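The values are calculated or read from the model by the stated rules, or taken from the named source; none is laboratory data. Just so we're clear, the structure is a prediction, and the values are computed from it rather than from any experiment. All Cβ positions, even for glycine, are placed from backbone atoms using ideal geometry, and neighbour counts span all protein chains on display.
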């Protein structure tokens, strides 16, 4: 057969697998049809289930290895955020896709947009929570642009971001991003509560390194010294002399793992200003502080320079 014609149909119900079950995600339904003729594969597929509803249609030329596809639909973040969950980040909500895929197998060309509305971002360890998160990410071939991104930070604060990231392989995620916070509030629930404004930028090749710079202005910060600190016993350093191979192996296994230093680490240049209104209370202390710091170094090893002065103080015995 010099020019075969092949028609096909797909109909799958309640499909699942280990990755879906491990992530506690719903089973999926898969349906579609298509035709292969003259080195061209015409495709129309749809995947649905658990809030997911994605369609892909268009043509793929097997001989020239080129793509001409359209994808639309809704993608819950639960299907893509599992790696973030293991890092203590919870992203809930869904994204709406409306994009085309052109180019070739080796260099696909993505154009279109991804949008979300009413999403929620939570970083568990730091208790940072952004609600009512809405935004639009536009793909234009070799560039992704945040045309809008807004959310609510704390009770009355607002967060917004914009900028772009290069997707060309040689650019290594060259980025120019800006972040603005107004009337932000942070509380760890125990020791610290702070109101602040911030204007920050992120620039550089993020696959290698980058720079976070800008200014944070503290409106008010309350630091509470607890009435009783936990009893902590420092571990005793033990050196093994003439130990057996089994003891040495066990000692090495019990050593805390060192964080890898080969990954990129963001450089910092952030000014933190507080015109007084930093209140420290507890254990007989009632003090008001103020001053300014410049946070430098890197995100992995930050360093602070500056001065904090005491404007008012009272000690109770």
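Per the conditions (1) closer than 30 Å to residue 183 by Cβ; (2) surrounded by 15 or more Cβ atoms within 10 Å (Cβ to Cβ); (3) at pLDDT below 80, the sole criterion not satisfied by residue 264 is (1). Being under 27 Å from residue 267 (Cβ atoms), out of contact with any helix residue (DSSP H, G or I) (no Cβ under 9 Å at 6 or more places or on another chain) and either without any contact (Cβ under 8 Å) to a residue 40 or more places away in the chain or surrounded by fewer than 17 Cβ atoms within 10 Å (Cβ to Cβ) (or both) is the requirement here; does residue 171 meet it? Criteria met by residue 171. Only one of the listed residues (242, 231) is in a loop (DSSP other than H, G, I, E, B), at pLDDT 70 or above and more than 30 Å from residue 170 (Cβ to Cβ). That residue is 242. Every condition in (1) part of a loop (DSSP other than H, G, I, E, B); (2) under 29 Å from residue 120 (Cβ atoms); (3) in contact (Cβ under 8 Å) with a residue 12 or more places away in the chain holds for residue 3 except the one numbered (2).
When the strands (runs of 3 or more DSSP E) confined to the range 14-92 are screened for residues that are at negative phi and over 26 Å from the mean Cα position of the chain (by Cα), those reaching at least 2 such residues are found at 28-37, 40-49, 52-61, 66-76.
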